[in-house]
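Student: Have a look at this one.
Derivation of every value follows stated rules applied to the coordinates shown; laboratory data play no part. As the structure is a prediction and not an experimental result, all values here were calculated from the model. Cβ atoms come from the backbone with ideal geometry, glycine included; neighbour counts cover every protein chain shown.
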Amino acid sequence: MGMDAPTNEKPEWPLWEVFIRGQHGMSHRHFGSLHAPNAEMAIKAARDVYTRRKEGVSIWVVPANEITASSPSDKGPLYEPAEDKVYRHPSFYKIPDDIGAM
Amino acid sequence: MYAQLIKAEHAGDEDTARAEAFQQRIDAGEKIEPKDWMPEGYRRTLIRQIGQHAHSEIVGQLPEGNWITRAPTLERKTILLAKVQDEAGHGLYLYCAAETLGVSRDEMTEMLLDERMKYSSIFNYPTLTWADMGAVGWLVDGAAIMNQVPLQRTSFGPYARAMIRICKEESFHQRQGFDIMNRLANGTPEQHRMAQNALDRFWYPSLMMFGPSDAESVHSEQNMAWKIKMNGNDELRQKFVDLTVPQAEYLGLTIPDETLRWNDEKGGYDFAGPDWGEFFDVIKGNGPCNRERLEARRKAWDDGAWMRDGLLAHAEKKAARAAKAAA
């Protein structure tokens, strides 16, 4: 992800990003990438490469060049505004001991 | 380790302020990601190191693949198949990590085949008996783990993530090797001799995997500052020897080193280093199997060309048909 197209005269199989959902109801998680000629083959290859030890029950593959990523230089404007908003976390609020668990 | 003699590329003439900020991020334990700015030297050194590591995984399939059809039992055969398949996966994880730095997998493969890139010296030694499958898993994978475990904390995010997955699988490799050795060492006298013979042949080449002494390496310092190299070569070699000697004793096998002694003062073993002349000779291409390994890789690449092209053509045809049907 995030690389320039290879400067190769011969066509190379496109790159796919692989997302896998584990067994316990978690969401699909990015596992890695691989090359495959099309989506169908990418799923087959992802099965071989990333689920040899029962790591998952569902596979998504996405063409790597279809992913739009935020720019590292936008880190400040994107994430800094969250820094002074501690009131968005439950730990900001003091609940009297008498109330018990909340 | 699978990456030996990795030269540090010089940072070049980029503005020092950026390079300093970059170093501060690494010092603070931040991960560097593909789209982040990085010094050209960092990028090029990583491509060389990750590429060499990936090639080692792929070429490393050859000495073990040699025994798949001759494994002594069906169980041993399925285990060995699984292990060799893992090595292919490890190669793939690493090629993908290197690709995020702007080099393509095909380019890297071609650099291996025309010898612009290297792979670990260890895979240029032959696997002559079944016991070698034990020695390779126990010693070679054991040595690789010494290096790979700390690399899980390396500064480059995709490389660190690949190493985490590899380490999870690698411990199966070492254990299955030890299990083969254990069975043979406690088998018939002939099997015991076979195990001893494998240890005799793989001991020094395994010590070479860590590379020459750091004192002789001018590149270690930069690579360590960049957290591309996490430990000194001598430090890891010592750790490997200290862990392995008691395991050999348990097996009732003798490490082929008459100078091997426990040193109370340093809390580790004193041991003989390998023949570095031999190491450099193997690196230069003159090991027992260099030519055979590269020929096998070239043949696989050339013989597979029609398959790669064919699958691509088939995918294009299917896509065109789907587009026509949708129109």
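Student: What order, most packed first, do the peptides B:102-109, B:137-144 have when packing is the mean number of other Cβ atoms within 10 Å of each residue?
Tutor: Those peptides, ordered most packed to least, come out B:137-144, B:102-109.
Student: Could you state the angle between the C-alpha long axis of helix A:39-50 and the longest principal axis of the C-alpha atoms of chain A, as a value from 0 to 90 degrees rounded to the nearest 10?
Tutor: 70
Student: What average number of partner chain Cβ atoms lie no more than 10 Å from the Cβ of the residues making up B:95-105?
Tutor: The shielding value for this peptide is 5.
Student: Can I ask one more? On a C-alpha basis, how far is the centre of segment B:75-107 from the centre of segment B:240-285 in Å? Whole number, if you could?
Tutor: Centre-to-centre distance over Cα atoms comes out at 29 Å.
Student: Assuming a ≥ b ≥ c are the square roots of the Cα gyration tensor eigenvalues, decide whether chain B counts as rounded (a/c under 1.5), prolate (otherwise, with a/b larger than b/c) or oblate.
Tutor: oblate
Student: Something else: Among B:Ile122, B:Ile32, B:Ile145, which one shows the biggest mean-square fluctuation in a GNM of chain B, springs joining Cα atoms closer than 10 Å?
Tutor: Residue with maximal mean-square fluctuation among B:Ile122, B:Ile32, B:Ile145: B:Ile32.
Student: Mind ranking B:189-200, B:312-323, B:288-299 by how tightly packed they are, going by the mean number of other C-beta atoms within 10 angstrom, highest first?
Tutor: Listed from highest to lowest mean packing, they are B:189-200, B:288-299, B:312-323.
Student: Same structure again: For the pair B:Arg70 and B:Arg298, what calculated FRET efficiency results from E = 1/(1 + (r/R0)^6), where r is the Cβ-Cβ distance and R0 = 30 Å, to the nearest 0.05?
Tutor: Details: r = 24 Å, r/R0 = 0.81.
Calculated value: 0.80.
Student: Same structure again: Grab the beta carbon distance between B:Ala313 and B:Glu30, set R0 = 51 Å, and tell me the FRET efficiency rounded to 0.05. Let's see the in-between values first.
Tutor: Numbers: r = 44 Å, r/R0 = 0.87.
Computed FRET efficiency for B:Ala313 and B:Glu30 comes out at 0.70.
Student: Moving to a separate point now. Sticking with the crude label model, points 7 Å out along Cα→Cβ, report the distance from B:Ala82 to A:Lys54 in nm, one decimal please.
Tutor: Simple spin-label model gives 1.2 nm for this pair.
Student: Relative contact order of chain A, please, whole-number percent, based on alpha carbon pairs below 8 angstrom and at least 6 residues apart.
Tutor: 26
Student: Another question about this same structure. Which value, in debye to the nearest 20, describes the size of the charge dipole of segment A:12-67 about its Cα centre when Lys and Arg Cβ atoms bear +1, Asp and Glu Cβ atoms bear -1, and nothing else is charged?
Tutor: 380
Student: In the structure displayed, which of B:Lys35/B:Lys118; B:Lys7/B:Lys31; B:Lys83/B:Lys229; B:Lys7/B:Lys229; A:Lys44/B:Lys35 lie more than 19 Å apart, Cα to Cα?
Tutor: Going by Cα-Cα distance, B:Lys35/B:Lys118; B:Lys7/B:Lys31; B:Lys83/B:Lys229; A:Lys44/B:Lys35 fall outside the 19 Å limit.
Student: I've got another one for you. Which distance in nm do the two modelled labels at B:Arg175 and A:Ser73 give, with both placed 7 Å along the Cα-to-Cβ direction?
Tutor: Result: 4.9 nm between the two label points.
Student: Run the simple label-point estimate for A:Ala39 and B:Lys239 please: 7 Å along Cα→C-beta, distance reported in nm.
Tutor: It works out to 4.5 nm between the two label points.
Student: Mind checking which lysines have their Cα closer than 20 Å to the Cα of A:Lys85? Skip sequence neighbours fewer than 8 apart in that chain.
Tutor: Once the sequence-local lysines are set aside, what remains near A:Lys85 is A:Lys75, A:Lys94.
Student: Report, by chain and number, residues whose modeled amide H sits under 5 Å from the one on B:Phe156, excluding near sequence neighbours (fewer than 5 apart, same chain).
Tutor: Placed amide hydrogens put B:Ile32 under 5 Å from B:Phe156.
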